[in-house]
1. For Met90, which of the numbered conditions (1) surrounded by 15 or more Cβ atoms within 10 Å (Cβ to Cβ); (2) aliphatic (A, V, I, L, M); (3) closer than 30 Å to Arg124 by Cβ fails to hold?
2. Is one or more of the residues making up segment 23-36 part of a loop (DSSP other than H, G, I, E, B) and more than 20 Å from Leu185 (Cβ to Cβ)?
3. Quick one: which of Gly188, Gly195 is under 18 Å from Met2 (Cβ atoms) and surrounded by fewer than 14 Cβ atoms within 10 Å (Cβ to Cβ)?
4. Scan segment 151-163 and give yes if some residue there is on the phi < 0 side of the Ramachandran plot, crowded, with 20+ Cβ neighbours inside 10 Å and among the polar types (S, T, N, Q), otherwise no.
5. Inspect all residues belonging to segment 104-113 and state whether any of them is open to solvent by 70 Å² or more (accessible area, probe 1.4 Å), of a type outside the set (A, V, I, L, M) and more than 14 Å from the ligand (Cβ to nearest atom).
6. Residue by residue through segment 114-144, note down the ones that are closer than 25 Å to Gly195 by Cα, away from the ligand (no atom under 12 Å from the Cβ), open to solvent by 10 Å² or more (accessible area, probe 1.4 Å) and not charged (D, E, K, R).
7. Do we have Val170 as touching a Pro at 6+ places or on another chain (Cβ under 8 Å), open to solvent by less than 30 Å² (accessible area, probe 1.4 Å) and more than 18 Å from Ala197 (Cβ to Cβ) here?
8. Can you pull out every residue in segment 13-33 that is farther than 15 Å from Leu106 by Cβ and either open to solvent by less than 10 Å² (accessible area, probe 1.4 Å) or in contact with a Ser or Thr (Cβ under 8 Å, 6 or more places away or on another chain) (or both)?
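The values are calculated or read from the model by the stated rules, or taken from the named source; none is laboratory data. The model shown is predicted, which means the values in this text are computed figures rather than measured ones. Cβ atoms come from the backbone with ideal geometry, glycine included; neighbour counts cover every protein chain shown. Heads up: the accessible areas ignore ligands, DNA and RNA and are worked out on the full protein's heavy atoms, side chains in. Shrake-Rupley method; radii C 1.70, N 1.55, O 1.52, S 1.80 Å.
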Amino acid sequence: MMRIAVLVSGNGSNLQALIDAQIGHQFSGKIIGVLSNKVDAYALQRAKGANIATAVISHKDFPNREGFDEAMHQQLLAWQVDLVILAGFMRILTPNFVSKWQGKMLNIHPSLLPFYKGINTHQRVLNTGDRLHGCTVHFVTAELDAGQSIAQSIIQVGLNDTTERLAQRVHELEHFIYPQVVQWLCNGQLSWENGQAYFNQKPLKQPIQFAQFWN
Ligand code: GAR
């Protein structure tokens, strides 16, 4: 049984999707703890509602990223977790921290990586006039939003889409694909060796595309 920590900074709707998957027995893993860098993150309430341990480590209490990341690392060790799942965690991680969890840490990002790394992805997609948008689950490596992509889900951008509507539509995709990919990591279908993702024991050449939703 894989022991999972989920790192959050905000609302935690992706955390909720993971909790729901666990309750629905769709996981061969268990969420042991939820760690937030923000004391008022609603995600913490969701964790408490599901009787999951929580920890708040504020980045503001540390003079630099190294100290903050080391405190998080110690909490993850205390929880004895195997996997670290970033779910709306909005801090950049140090290479040292990332190297300790390489191949065991996933992130979900609201764009079709490698396009639109960083923040404000929905607004940037609208500004550019792109027709396609979506989300990506990827392994976390030291370079921001640049680790190997594992799975993507795509939507077509409509004429009526606003930033808010795109955020909502992308969230729906996220809640579907993230629990699935986490489960693959839990059951060993997905793995990582020497900087390469493997799916069903074969090197993953391109991200797995989930069914496309055109409306
Ligand atoms: C999600 O859309 C996630 O992809 C994004 O933050 C949102 C969190 O929503 N993550 C990033 O932008 C990471 N760089 P949630 O708190 O409701 O899960």
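1. Failing condition for Met90: (1).
2. Taking every residue of segment 23-36 in turn, none turns out to be part of a loop (DSSP other than H, G, I, E, B) and more than 20 Å from Leu185 (Cβ to Cβ).
3. Details: Gly195 fails: under 18 Å from Met2 (Cβ atoms).
Among Gly188, Gly195, only Gly188 is under 18 Å from Met2 (Cβ atoms) and surrounded by fewer than 14 Cβ atoms within 10 Å (Cβ to Cβ).
4. yes
5. Checked segment 104-113: at least one residue is open to solvent by 70 Å² or more (accessible area, probe 1.4 Å), of a type outside the set (A, V, I, L, M) and more than 14 Å from the ligand (Cβ to nearest atom).
6. Selection gives Pro114, Phe115, Thr141, Ala142.
7. So Val170 fits the description; yes.
8. Residues of segment 13-33 that are farther than 15 Å from Leu106 by Cβ, as a first pass: 13, 16, 19-20, 22-26, 28, 30, 32-33.
Correct list: Ile19, Gly33.
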